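Please treat every number below as a calculation from the coordinates, not as lab data. Computed from a predicted model, the values in this text were never measured in an experiment. All Cβ positions, glycine included, derive from the backbone under ideal geometry; neighbour counts span all protein chains shown.
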Amino acid sequence: MLRLHGIVGHETDTSLRAQLHALEHRGAIELLFVPPEEAGRKRFRLISDRGTDCAVSLGRDEELRDGALLHLDRERAIVVRFGRQRLWKLRPADETAALKLGWHAGNLHWRVRFEAGCLVVLIDGPLADYRARLADLLSDGSVTEIAYD
Amino acid sequence: MIEAGKTSATATAARLPAARVGIGGPVGSGKTALVERLIPALAARGVDLAVITNDLVTAEDAERIRRSGLIDPARVSAVEAGACPHTVIREDPTLNIEAADELERRFPGVELILLESGGDNLASTFSRDLTDFWMFVIDVGGGGDIPRKRGPGVVRCDLLVINKTDLAPHVGVDLELMHAQALAVRDGRPVLLTNCRSGEGIDAVVAMLESQVLFRA
């Protein structure tokens, strides 16, 4: 187990570029894939793409970002990679439908963004579970699914 | 960063923020009883511990734990939600975050803070801003069909605990089936069985906390 605490930098930091470049040439950069829905965690244990068992904790004021460096020395670097966030884009048919859709999303504590007349839901679980909550609105055409990616 | 090879829990505990573990679940499922079992089990393993309890408008659970003799009463803090219990562990966990910060200030070196939610429903979940890991406690007395109802608490928690296993034959619950259905709705994520009255299953819960939260194994 490699015990890591805190974020030591970011892969785009100019001050670290040369060191990371050298490590990359030696194949010594390990990626730690973190599911997007787990990005808010301050403490987790995951296996890197090279098989390193990483036990990670962050300070309470630290926020994990894609590309965050969790470990850097002469031997290797460990970089965080977020798995792709899945998005479900919905368009309400009219103002009444928009109010209903907004009410459901808020009541269900979904994470959302707003995009040009659409509600974009940041999916944290199976899409079927989300569809089931809006079954009536989807079936009567009040809400249309624009994209799921 | 802590270098590999310098990973003993006791060596790192003084320098690291305490891990925060939430315990949620329906009223009467055995959350406080689980806390009362975890305290001595963790203490026996040398874990420096503190507890926060949440109640609606009283400090009853905190008083119960303070009077238990299991832990220094000063290490037990109470938060009164004043509203639905999930509001202070999910929507606005500020009160609990402040209580945890205060415990860390008063007890430097504390490694683990257990945060017990007030009794709630199957939709209750913890904010990641508040906890590093959270358990959801249900019991066989509530019905063998609870896992099938796929409540967010049951599905999303890091560890589902099915408590009061000894009652299964008395309430007509097929415990093996309930366990299997719980694993199925959670896509195989951890489900542990406990009987907090006898202490059965507690070691497995502690082992999971040591591995996934305290990073001791």
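With a/c under 1.5 counting as rounded, go ahead and sort the stretch B:142-217 into rounded, prolate or oblate using the C-alpha gyration tensor (a ≥ b ≥ c being the square roots of the eigenvalues; past the cut-off, prolate if a/b is larger than b/c, else oblate).
Values: a/c = 2.58, a/b = 1.30, b/c = 1.98.
Taking the square roots of the gyration eigenvalues as a ≥ b ≥ c, the stretch B:142-217 is oblate.
Inter-part distance, the stretch A:13-35 to the stretch B:73-102, computed on C-alpha centroids, equals 40 Å. Here the stretch B:175-189 and the stretch A:65-85 have alpha carbon centers that stand 34 Å from each other. Assuming a strict under-27 Å limit between Cα atoms, what lysine pair count do you get for the protein assembly as shown once near-sequence pairs (fewer than 8 apart, same chain) are dropped? Counting lysine pairs in the protein assembly as shown gives 8. In plain terms, chain B is cut at each of the GluC sites (Glu not before Pro) found in a DSSP loop with at most 16 other Cβ atoms within 10 Å, and the longest leftover piece is B:92-217. The HN-Hα couplings worked out from phi for the stretch B:122-131 by the Karplus form 6.51 cos²θ - 1.76 cosθ + 1.60 (θ = phi - 60°) are 6, 8, 5, 9, 9, 6, 5, 5, 9, 10 Hz, whole numbers, x standing for Gly and Pro. Shown in residue order for the stretch B:145-154 are the 3J(HN,Hα) couplings computed by the Karplus curve 6.51 cos²θ - 1.76 cosθ + 1.60 at θ = phi - 60°: 8, 3, x, 4, 6, 6, x, x, x, 5 Hz (x for Gly and Pro). For the stretch A:52-149, GluC sites (Glu not before Pro) meeting the loop criterion (DSSP other than H, G, I, E, B) and having at most 15 other Cβ atoms within 10 Å: A:E62, A:E63, A:E75. Of the residues A:L134, A:G117, A:G51, the one whose Cα sits farthest toward the positive end of the charge dipole of chain A, with +1 on the Cβ of Lys and Arg and -1 on the Cβ of Asp and Glu, is A:G51. Taken about its Cα centre, the stretch A:87-148 carries a charge dipole of about 160 debye when Lys and Arg each add +1 at the Cβ and Asp and Glu each add -1 at the Cβ. How far apart, in nm, are the 7 Å Cα→Cβ label points at B:L175 and A:D149? With each label point 7 Å from Cα toward Cβ, the separation is 5.1 nm. Which shape class, rounded, prolate or oblate, goes with the stretch B:17-212 when its Cα gyration tensor gives a ≥ b ≥ c as root eigenvalues, a/c under 1.5 marks rounded, and past that a/b bigger than b/c marks prolate? Note, shape of the stretch B:17-212 comes out prolate. Near B:W134: Cβ cut-off under 10 Å, other residues only, Lys/Arg at +1 and Asp/Glu at -1. The net charge is +1. The alpha-carbon positions of the stretch A:2-65 define a convex hull whose volume is 93 Å³ per residue.
The three principal axes of the Cα atoms in the stretch A:87-148 give end-to-end lengths of 27, 23, 22 Å, sorted in falling order. Packing, as the average of other Cβ atoms within 10 Å across residues, places the peptides A:65-73, B:138-146, B:17-25 in the order B:17-25, B:138-146, A:65-73, highest first.
Once the mean of 1/r is taken over each pair of separate Cα atoms and inverted, the protein assembly as shown shows a Kirkwood hydrodynamic radius of 22.2 Å. Derived scalar couplings between HN and Hα for the stretch A:112-129 equal 9, 10, 10, 9, 6, x, 10, 9, 10, 9, 8, 7, 10, x, x, 4, 4, 5 Hz in order, rounded to whole Hz, by the Karplus curve 6.51 cos²θ - 1.76 cosθ + 1.60 (θ = phi - 60°), x for Gly and Pro. Dimensions of the stretch A:1-108 from C-alpha coordinates, computed as largest minus smallest value along each principal axis and given longest first, are 60, 25, 24 Å. In this Cβ point-charge picture (+1 for Lys and Arg, -1 for Asp and Glu), the stretch A:2-82 has a dipole of about 220 debye about its Cα centre. Peptide B:150-156 has a mean of 2 when you count, residue by residue, the C-beta atoms of other protein chains within 10 Å of its C-beta.
Over all residues in A:36-46, what is the mean tally of Cβ atoms on other chains that come within 10 Å of each residue's Cβ?
Numbers: counts 0, 2, 1, 1, 3, 5, 9, 13, 6, 4, 0.
Mean inter-chain Cβ contacts per residue within 10 Å come to 4.
Counted by Cβ distance under 15 Å from A:W88, the other residues give a net charge of +2, where Lys and Arg count +1 and Asp and Glu count -1.
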